[in-house]
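*Asks:* Structure provided below as structure tokens; questions to follow.
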Amino acid sequence: MGDVLYLSRADIERLSISMKDVIRVVEEAFLEKAAGRTEVPPKPGIHPEKNAFIHAMPAYIPKMTSAGVKWVSGFPDNPKHGLPYISGLLILNDSKTGFPICIMDCTWVTAKRTGAATAVAAKHLAREDSKVLGILGCGAQGRSNLEALSVTCKGLEEVKAYDVSEENLQKYVEEMTARHGLKIVPAGSPRKAVENCDIVVTAGPILKHPKPVIEASWFKKGGFTCPLDFDSYWKPEAMHSMDKFCTDDVEQLRYYQRQGYFSDIPEVYAELCEIVSGKMRGREGSKERIMSMHLGLAIEDMATATLVYEKAKKSKVGTKLPL
């Protein structure tokens, strides 16, 4: 029967995998998707608490011999109890036999691959001279997206950060200033975190019935935005003001609409994989306002998890468990 390799979050962090490498494999996964060489069905889920979810995210990328599933949860009230919003496990399978070969904590993978997907989108949809980044939500995603965008957007100089928690915001400002050497400015309101930004990332909790606050007039011409929290922050008129409205997967977007999310959004211009592969044009003008609505795809998780698994094997990191 063999063994399965178990990797804790601490094990994964010990591997010191660079964000540059995560961006590389995530972009490769999108190219494979564009070529029709991936299998990534919409993610089914259950919802034990209001605005909470537990999703199953399966995917298969033949080129990477990467097959598996992520079982991930997001519970907005967890921080009140000293627990992270996101938790879960990821299982990789042998694509020839179907047997599990690795079980790993999914929080590091989720954070890094989400930031990497934003960076891939920014590479094609943000202005090359982008200097100011707005981050709304200073948790794990606020950190990983800044890390990834600082790799792709070499001209970044300033970050305007907002969080509903003053404590989280101050911690973010201190940590990110020390880590990235950028000017990190605490913003007192969502408006101040959006206005005059070249790139905006919103990373709050996903809400089925949100009360969005971002207005169209706040977002500058030529700006690029990537919501990671669905339409929780952006008012419908703000989304409809975009010159291009993109997403990472139309089929999943339609699935969520059938579940009651996204009641008023624009028509989709293109999927991210179509833009990455050149099938559809990305940014075509310096004044275009572009949104890429990212739902989070399991191909990103499997590509990143395979990178983790291969390095763990080489480095002899992790614990072997009998099946």
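*Asks:* List pairs: first in the range 129-150 and on the phi > 0 side of the Ramachandran plot, second of a type in the set (F, W, Y), Cβ under 8 Å, 6+ apart or cross-chain?
*Replies:* Filtered contacts from the range 129-150: G137/Y162.
*Asks:* What about A121, is it outside the structural domain of A305 (by TED's automatic domain parsing) and either among the β-branched types (V, I, T) or touching a residue at least 40 places away in the same chain (Cβ under 8 Å) (or both)?
*Replies:* yes
*Asks:* Checking the conditions here, which among E13, E49, E27 is part of a loop (DSSP other than H, G, I, E, B) and touching a residue at least 24 places away in the same chain (Cβ under 8 Å)?
*Replies:* E49
*Asks:* The conditions are (1) within 23 Å of D129 (Cβ to Cβ); (2) touching a Lys or Arg at 6+ places or on another chain (Cβ under 6 Å), and S217 fails exactly one of them. Which is it?
*Replies:* (2) is the only condition that S217 fails.
*Asks:* Related question: For V268, work out the one condition from (1) surrounded by fewer than 19 Cβ atoms within 10 Å (Cβ to Cβ); (2) part of a strand (DSSP E or B); (3) among the hydrophobic types (A, V, I, L, M, F, W, C) it doesn't fulfil.
*Replies:* Only one criterion in (1) surrounded by fewer than 19 Cβ atoms within 10 Å (Cβ to Cβ); (2) part of a strand (DSSP E or B); (3) among the hydrophobic types (A, V, I, L, M, F, W, C) is unmet by V268, namely (2).
*Asks:* Based on this model, can you work out whether D248 counts as farther than 25 Å from V22 by Cβ and either acidic (D, E) or at pLDDT 95 or above (or both)?
*Replies:* Taking the combined requirement at face value, the residue does not satisfy it.
*Asks:* Return the total of residues in the range 282-303 being in contact with a strand residue (DSSP E or B) (Cβ under 9 Å, 6 or more places away or on another chain) and either over 28 Å from P42 (Cβ atoms) or not small (G, A, S) (or both).
*Replies:* 14
*Asks:* Sticking with this one: Does S263 count as crowded, with 20+ Cβ neighbours inside 10 Å, in a loop (DSSP other than H, G, I, E, B) and without any contact (Cβ under 8 Å) to a residue 60 or more places away in the chain?
*Replies:* It is false that S263 is crowded, with 20+ Cβ neighbours inside 10 Å, in a loop (DSSP other than H, G, I, E, B) and without any contact (Cβ under 8 Å) to a residue 60 or more places away in the chain.
*Asks:* Test each condition in (1) within 21 Å of N196 (Cβ to Cβ); (2) buried (at least 22 other Cβ atoms within 10 Å of the Cβ); (3) not small (G, A, S) for K154 and report the one that comes out false.
*Replies:* So the condition that K154 fails would be (2).
*Asks:* Under 29 Å from V151 (Cβ atoms), β-branched (V, I, T) and in contact with a Cys (Cβ under 9 Å, 6 or more places away or on another chain): does that describe I61?
*Replies:* Here the answer is no, as I61 does not meet what is asked.
*Asks:* More than 23 Å from F99 (Cβ to Cβ) and either at pLDDT below 95 or of a type in the set (V, I, T) (or both): which single residue out of G2, G45 fits that description?
*Replies:* So the residue among G2, G45 that is more than 23 Å from F99 (Cβ to Cβ) and either at pLDDT below 95 or of a type in the set (V, I, T) (or both) is G45.
*Asks:* Condition first: without any contact (Cβ under 8 Å) to a residue 40 or more places away in the chain, surrounded by fewer than 23 Cβ atoms within 10 Å (Cβ to Cβ) and more than 26 Å from E128 (Cα to Cα). Now tell me which residues in the range 232-253 satisfy that.
*Replies:* K235, P236, E237, V250
*Asks:* Being surrounded by 16 or more Cβ atoms within 10 Å (Cβ to Cβ) and polar (S, T, N, Q) is the filter here; which residues of the range 18-68 pass it?
*Replies:* Of everything in the range 18-68, those that are surrounded by 16 or more Cβ atoms within 10 Å (Cβ to Cβ) and polar (S, T, N, Q) turn out to be T38, N51, S66.
*Asks:* Let me spell it out: the conditions are (1) under 27 Å from R143 (Cβ atoms); (2) under 19 Å from the mean Cα position of the chain (by Cα); (3) not small (G, A, S), and E274 meets all of them except one. Which number is the exception?
*Replies:* That leaves (1) as the condition not met.
*Asks:* Another question, if that's okay. I'm told P100 meets every condition in (1) surrounded by fewer than 24 Cβ atoms within 10 Å (Cβ to Cβ); (2) within 23 Å of E28 (Cβ to Cβ) except one. Can you identify the failing condition by its number?
*Replies:* Here P100 clears every test but (2).
*Asks:* Scan the range 223-239 and tell me whether some residue there is acidic (D, E) and not in a loop (DSSP other than H, G, I, E, B).
*Replies:* yes
The values are calculated or read from the model by the stated rules, or taken from the named source; none is laboratory data. Source: prediction; values computed, not measured. We place every Cβ from the backbone using ideal geometry, glycine too, and count neighbours over all the protein chains shown.
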